[in-house]
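Notes follow once the structure below has been shown.
The values are calculated or read from the model by the stated rules, or taken from the named source; none is laboratory data. Note that this is a predicted model, so its numbers are computed, not measured. Neighbour counts are summed over all protein chains in view; Cβ atoms, including those assigned to glycine, are modelled from backbone coordinates with ideal geometry. Ligands, DNA and RNA are stripped out before the accessible areas are found, and what is left, the full protein with its side chains, is counted by its heavy atoms. Shrake-Rupley method; radii C 1.70, N 1.55, O 1.52, S 1.80 Å.
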Amino acid sequence: MKEANFLKENNARHLWHPMAHPADSLANPPDIIVGGDGVEITDVDGNRVVDAVGGLWNVNLGYSCAPVKQAISDQLEKLPYYSIFRGTTNDAVIELSTMLREFFEPDGLSRAFFTSGGSDSVEVSLRLARQYHKLRGEAGRTKFLSLKKGYHGTHTMGASVNGNANFRTAYEPLMPGCYHIPSPYTYRNPFNETDPEKLAQLCLSALEDEIKFQDPSTIAAFIMEPILGAGGVIPPHESFMPGVREICSKNGILLISDEVITAFGRTGSWTGARHWGVKPDLLCCAKAITNGYFPFGAVMVSEAVAEAFENDASGKGSIGSGYTYSGHPVGAAAAIACLKETERLNVKDNAAARGKQLHEGLRKLFMKHEAIGDVRGGHGLMCALELVSDRATKAPIDKGTIGKVHRTAYENGAMVRVSGNNIILSPPLVLTDAHVDAILNALDKGFEAAS
Ligand SMILES: Cc1ncc(COP(=O)(O)O)c(C=O)c1O
């Protein structure tokens, strides 16, 4: 490793950070993380903190997951790369596809299409949805519906269904034919409705209304996160996703569950769709599929959608999507080991228990600190605090104050993530109750310092 002074001098000078303004990165150089161990990370100055961000919602098993590391190094020795484009494959990806079929069986998903990450998975799922309808003689079904506040990565199709202006405006015009409906976000919504169940019904009515307006025969798919993540952790009422499923089925629209965050246990269930008792037509995953140790993802496909492709005799079912790294053997080996560890440790149950503890602790912080306008969570290890400068008007907090909360929390032992006026918590699923207390204590200090 280069010495600390070199790293600090060169920090943010020669690279542009994703989701950041280059000038801001120069003015406020990022924390330099140089080590990870268990659920803790260490910075270049030797500070060690609990990683309440879990890498980026992906290091579900922490930083010391030996089986995944070993699998990667063994596979690098054996076969570091071979493509799975038509005509060749590799042993690791075959084994992984059988394991995923079993894992996703309760969701009704039985085929995998491999990608290099979450944005790729979203892109491929949208493309497959259009192709599916073309195969079935409904070529007019090309439009997509999604939720405001939803996050679906940053490729152009994904950004087009994305529900947050920050990821759209600079890159417009995006893809035509994408329409957004209000999300079941009780704290702020156009209906001024705070009751989660009533709000879910209003959003479902808005969806039905939009479908009628567009004409169902023009719509390919509805894409949603079972619990909205990057948009500020928005868990809908339990009636919402089943309601979406019903409306989609009634109108011949495919339901894509974007589970780049929620698959593999984060919600306290193995998938977000299963959490709500829903079977999607397509499911996007990535991130925790390799514990974040290798860029990898997959689109899981339902039996019915798969049959349309597999039974096609016209040639139109040939899949014109794919990446050099689709089915990468090192990623596949990492995913095999990761899936075995994920199941062996039964991380979904710890996610549920620790998530409850974290959510309850955050509710206590809400009673204590006026800057907290809303506390969201209660479904596994994904929680958010929405900060305001005035609880009555809900005016968002200023950047300086939220920055102070973040910095003080870090100095007191926890890395948390700031996104707009939200503090987002998505720690590894293997953390202990003492780690949860450490995160809550660090946040408490952060709010005290900022008040
Ligand atoms: C729900 C969802 N979809 C898609 C993506 C994009 O994934 P990636 O950053 O791996 O491209 C993310 C990333 O956070 C996500 O949360």
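Screening L174 with (1) touching a residue at least 24 places away in the same chain (Cβ under 8 Å); (2) within 16 Å of the ligand (Cβ to nearest atom) gives one miss only, at (1).
All conditions in (1) open to solvent by 10 Å² or more (accessible area, probe 1.4 Å); (2) in contact with a helix residue (DSSP H, G or I) (Cβ under 6 Å, 6 or more places away or on another chain) hold for A200, with the sole exception of (1). Answer yes if at least one residue in the range 140-156 is in a loop (DSSP other than H, G, I, E, B), within 14 Å of the ligand (Cβ to nearest atom), without any contact (Cβ under 8 Å) to a residue 40 or more places away in the chain and crowded, with 20+ Cβ neighbours inside 10 Å, and no otherwise. The answer is no; no qualifying residue exists. Pairs meeting the criteria (first residue in the range 227-256 and farther than 18 Å from G277 by Cβ and away from the ligand (no atom under 16 Å from the Cβ), second residue open to solvent by 30 Å² or more (accessible area, probe 1.4 Å) and not basic (K, R), beta carbons under 6 Å, at least 6 apart or on different chains) are N251/P216.
I'd like the full set of residues that are over 11 Å from the mean Cα position of the chain (by Cα) and assigned to a loop (DSSP other than H, G, I, E, B), limited to the range 215-231. Result: D215, single match. Within the range 234-261, the set of residues being assigned to a strand (DSSP E or B) and more than 25 Å from T194 (Cβ to Cβ) comprises L254, L255, I256, S257, D258. D120 falls short on exactly one of the conditions (1) under 26 Å from the mean Cα position of the chain (by Cα); (2) part of a loop (DSSP other than H, G, I, E, B); (3) among the acidic types (D, E), and that condition is (2). Within the range 262-297, the set of residues being open to solvent by 20 Å² or more (accessible area, probe 1.4 Å) and either near the ligand (Cβ under 10 Å from one of its atoms) or of a type in the set (S, T, N, Q) (or both) comprises S269, K287, G292, P295. Cβ-Cβ contacts under 7 Å between residues 6 or more apart (or on different chains), taken from a first residue in the range 178-200 that is modelled with pLDDT of 95 or more and in a helix (DSSP H, G or I) to a second residue that is charged (D, E, K, R) and open to solvent by less than 80 Å² (accessible area, probe 1.4 Å), are listed as L199/E193. Within the set R101, R111, the sole residue that is open to solvent by 30 Å² or more (accessible area, probe 1.4 Å), at pLDDT 95 or above, closer than 23 Å to N58 by Cα and in a strand (DSSP E or B) turns out to be R111. Within the range 121-139, the set of residues being open to solvent by 20 Å² or more (accessible area, probe 1.4 Å) and within 16 Å of the ligand (Cβ to nearest atom) comprises E123, R127.
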